[in-house]
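The values are calculated or read from the model by the stated rules, or taken from the named source; none is laboratory data. A quick note: this is a predicted structure, and the numbers were derived from the prediction, not measured. Neighbour counts run over all protein chains shown; Cβ positions are idealised from the backbone, glycine included. Protein only, heavy atoms only, side chains kept; ligands, DNA and RNA dropped before computing areas. Shrake-Rupley method; radii C 1.70, N 1.55, O 1.52, S 1.80 Å.
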Amino acid sequence: MPSLYAIAVIGQRGQLVTPADTPWFREMTWGKVVIAGGASFASIPPLPGRSLMVAELFHTPEMLRDYVRHTATENIFLIGGAETFAKFAGVVDRWYIDKTSYDGPSDEWFNLMWLVAE
């Protein structure tokens, strides 16, 4: 059964960083569906080899969970931003977190409570 995985890239103080198409990120998401919130969707560069969906298509976390369980044929990756992670954290099956050396400004922060959301 397909699962919903969330991928977050965080800076030194917990800043959410827009994931660059690094080798790690590419390997994790290649050939998969990637879901991003509207603001993140607009700010990420094209992701060759992946299908990109806007999170706002799913009005509730249950709608996303049902899509993953009953429609998807492979694992789905959720890439944020903060509002998207907060909304869907309770239906994420596994988190993948990459920490970077970035220590600059941010308007979005990773919330550790997302890891234990029910």
Being modelled with pLDDT of 95 or more, charged (D, E, K, R) and either farther than 18 Å from residue 4 by Cβ or touching a helix residue (DSSP H, G or I) at 6+ places or on another chain (Cβ under 9 Å) (or both) narrows it down to one residue among 87, 99; which is it? 87
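Which residue out of 104, 80, 90 is in contact with an Asp or Glu (Cβ under 7 Å, 6 or more places away or on another chain) and open to solvent by less than 80 Å² (accessible area, probe 1.4 Å)?
90
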The conditions are (1) open to solvent by less than 90 Å² (accessible area, probe 1.4 Å); (2) touching a residue at least 40 places away in the same chain (Cβ under 8 Å), and residue 117 fails exactly one of them. Which is it? (2)
Might you check whether a residue that is under 15 Å from the mean Cα position of the chain (by Cα) and among the charged types (D, E, K, R) occurs anywhere in region 32-41? yes
For the subset of region 6-54 comprising residues that are polar (S, T, N, Q) and either part of a loop (DSSP other than H, G, I, E, B) or open to solvent by less than 50 Å² (accessible area, probe 1.4 Å) (or both), which member is farthest from residue 71 (Cα to Cα)? 12
Specify the residue that is nearest to residue 84 (Cα to Cα); the eligible residues are those in region 55-66 that are free of Cβ contacts under 8 Å to residues at least 60 places away in the same chain and open to solvent by 60 Å² or more (accessible area, probe 1.4 Å). 56
Need the failing condition index for residue 63 against (1) assigned to a loop (DSSP other than H, G, I, E, B); (2) more than 14 Å from the chain's Cα centre (by Cα), just the number. (1)
